[in-house]
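S.K.: Quick one: this structure, given as structure tokens, is what I'll be asking you about.
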Amino acid sequence: MFSFFRKKPSAPTALTPATEVVPAPPQAASRPAFSPDAAPVPSPERKSWIDKLKAGLRKTGTSIATVFTGTQIDDALYEDLETALLMADTGVKATEHLLQDLKRRVKESKTTDPAAVKGLLVASLTELLTPLQKSLVIGRFKPTVIMVAGVNGAGKTTSIGKLTRHLAVNKASVLLAAADTFRAAAREQLGVWADRTAVDIISQEGGDPAAVAFDAVSAGKARGRDVVLVDTAGRLPTQLHLMQELVKIKRVIQKAGPALDNPDPDTCSAEERTLATPPHEVLLVIDGNTGQNALAQVKAFDDALGLTGLIVTKLDGTAKGGVLAAIARERPVPVYFIGVGEKLEDLETFNALEFAQALLS
């Protein structure tokens, strides 16, 4: 069910990006051929997930869908749509982009039915979100070191637990690093996930978080683990001294050295060693229910750490599901996973078309 996990090929060729980019929908001339309804039929498991996503985004979708219940396409429709998108926390820049693109699509397709405009909006939103749709690749480096950050309450530690479970199901050996040493509950919570998934955990009570992270990466190398997941303390981006602590953790992890099958500097190029230096992924967990505040977090953490991916949680029951459009327009960091609940199966890979259809269903 999970497509994010991919082992390194046995005979790798030239260096390739650590993520798989899904190509954007066709441009201009071929746009009329794009139909959201023509998407591949999902598997039963995926369909169940899409149904949950639709239910979770219903509050957002309902407020937007009511715009298309009128009898004509006029300025009033576009004004109402602008208001609905802004209320869904799509943001000013993304809203302006979507409206301009939608008007062009309506003109090109000569659409006269307001109900049909919603389908064109699905296509426009899908195109906007597609750059966020990338796959998290595990196996290129051993261990693949993933550093996870996020503010308190965003669901960071729970998301790490779910990700650990999915990695374990896909036969990846995982080592957890409880580098959130300031909150005892975080270590205990991570310890519970370690027990459930039968993975090892490196932890210290009240220790230096950077030291814990370094020890975990070193242990992951020595034990031949596929993945080292580093949990860090939750903090607000406005707490500059704490953000600097995150930068320190990343810097110390880098000192653990490249994760290569053959780290001999005589046989490895400088580019290979740079790419192989951990952390290989820096993920931010954001609460999708916080709207524009989530976008502010993405910008702040990206500026400090250089994010490689996002996990967006708590999209169930939100009226602010449009924030992903704002992220796509203003800070397009890949969205590896989205979550719509607390259950294990409620964390899934992000698909632009599925999300657009669910949001506007």
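S.K.: What order do you get for 101-110, 155-164 when each peptide is scored by the mean count of other beta carbon atoms within 10 Å, highest first? Display every interim value, and only then the final one.
M.R.: On the way: 101-110: 15.0, 155-164: 23.5.
Going by the mean number of other Cβ atoms within 10 Å, highest first, we get 155-164, 101-110.
S.K.: Could I ask something else about it? Can you list the lysines whose alpha carbon sits under 21 Å from that of Lys248, skipping same-chain ones fewer than 8 residues off?
M.R.: By straight Cα distance, Lys248 reaches Lys156, Lys221, Lys299.
S.K.: Take Asp75 and Asn293, extend 7 Å from each Cα along the Cα→Cβ direction, and tell me the distance between the two endpoints in nm.
M.R.: Simple spin-label model gives 3.7 nm for this pair.
S.K.: A follow-up question, please. Net charge around Leu85, counting only other residues with Cβ within less than 15 Å of its Cβ (Lys, Arg = +1; Asp, Glu = -1)? Don't jump to the answer; show the numbers that get you there.
M.R.: On the way: positive: Lys59, Lys93, Lys103, Lys118, Lys320, Arg329; negative: Glu79, Asp80, Glu82, Asp89, Glu96, Asp101, Glu330.
That works out to -1.
S.K.: Hey, another quick one. Could you please report the charge total around Asp75, scoring K, R as +1 and D, E as -1 over all other residues with beta-carbon less than 11 angstrom from its beta-carbon? Walk me through the intermediate numbers first.
M.R.: Working: positive: Lys103; negative: Asp74, Glu79, Asp80, Glu82.
Combined, the nearby Lys, Arg, Asp and Glu give -3.
S.K.: Report the extension gain between Lys103 and Lys343 in nm, rounded to one decimal, defined as 0.36 nm multiplied by the number of residues separating them, less their alpha carbon distance. Before the final figure, lay out each step's value.
M.R.: Values: separation 240, 0.36 × 240 = 86.40 nm, distance 4.01 nm.
Between Lys103 and Lys343, full extension yields an extra 82.4 nm.
S.K.: Using the per-residue mean of other Cβ atoms lying within 10 Å as a proxy for protection, in what order, highest first, do the peptides 56-62, 252-258 fall? Can you show the working numbers first?
M.R.: Working: 56-62: 21.1, 252-258: 17.6.
Ranked by mean Cβ neighbours within 10 Å, highest first: 56-62, 252-258.
Where a number appears in this text, it was derived from the coordinates with a stated rule and is not lab data. Quick caveat: nothing in here was measured; it's all calculated off a predicted structure. Using ideal geometry, Cβ is built from the backbone for each residue, glycine included, and neighbour counts are taken over all protein chains shown.
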